[in-house]
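The values are calculated or read from the model by the stated rules, or taken from the named source; none is laboratory data. Being a predicted model, the structure only gives us computed values, none of them experimental. As a convention, Cβ positions derive from the backbone with ideal geometry for all residues, glycine included, and neighbour counts pool all protein chains shown.
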Amino acid sequence: MQHLLALFVVALLQVSALCARCGTVPYPTNDGYVTPSPIIDSPQVWSFMSEPEFHPLKVQINRFEPDTSPGFVFLAPYGFSAEAMYGVPGSLILDNDGNPVWFRPLSSPNLMNTVFRVQKYRGAPVLTFWQGTLATSPAYTNTPGGSSEPGSCYYILDDHYKVIKTLSAQNGFISDIHEFLLTPDNTALFLSTKVVPMDLTPYGGPADGYV
């Protein structure tokens, strides 16, 4: 438990230091819609006496074989702008029984992490993930549903959970949620999009559509 508490404290310190980093402020909503706050007081949510600000979603691990592969389970639960999610969104590492090992909470239900995993950078293991706001109705409809809103980016954390680098798409492109791959040359491959408004009525779509 002391080890877990130390990891939780490290995570909290990292979140406190991120106020000036990319992807830490939700993209403005279209019409002022306010996303419901996360549901905290629930048996589906973890709460800790040692760290009262940490409330990750509880996850049930179902085993279909007598033995499971070694290692941890990596998740990044998040909700949608129309719904109140159970627990606070963020990057979450679990053991094979569903107990939290490390959690990095986000400051708003309109912020999300995706593609959370372990990779290698400069020969050392690192944690990587996308962070930002997703286009989810009704609060976010100015880009195609499920796509990234402007201001999102990718994070690289070292084996002490310290942010060592952030990267984002340039030249009017938006960092996409679906892939972030570090190469053996210590470069990164990722997807990016540029939303172009277009009248799609000739193709059976909306007049205020996008490609």
- Message: Criterion first (over 19 Å from the mean Cα position of the chain (by Cα), closer than 25 Å to S91 by Cα and in contact (Cβ under 8 Å) with a residue 12 or more places away in the chain) does A135 satisfy it?
- Response: no
- Restricting the search to region 141-173, which residues are of a type in the set (F, W, Y) and either over 18 Å from P197 (Cα atoms) or in contact with an Asp or Glu (Cβ under 6 Å, 6 or more places away or on another chain) (or both)? Y154, Y155, Y161
- H178 passes all but one of (1) touching a residue at least 60 places away in the same chain (Cβ under 8 Å); (2) surrounded by 15 or more Cβ atoms within 10 Å (Cβ to Cβ); (3) touching a Leu at 6+ places or on another chain (Cβ under 9 Å); which number fails? (2)
- Counting only residues in region 43-87 that are among the small types (G, A, S) and under 30 Å from S147 (Cβ atoms), the one surrounded by the most Cβ atoms within 10 Å (Cβ to Cβ) is identified as G87
- Message: So, in region 166-179, how many residues would count as being polar (S, T, N, Q) and not in a strand (DSSP E or B)?
- Response: 3
- Has region 181-189 got at least one residue that is of a type in the set (A, V, I, L, M) and under 25 Å from P28 (Cα atoms)? no
- Message: So in region 180-196, with the set limited to residues that are touching a Phe, Trp or Tyr at 6+ places or on another chain (Cβ under 6 Å) and either assigned to a strand (DSSP E or B) or of a type in the set (A, V, I, L, M, F, W, C) (or both), which one is modelled with the lowest pLDDT?
- Response: V195
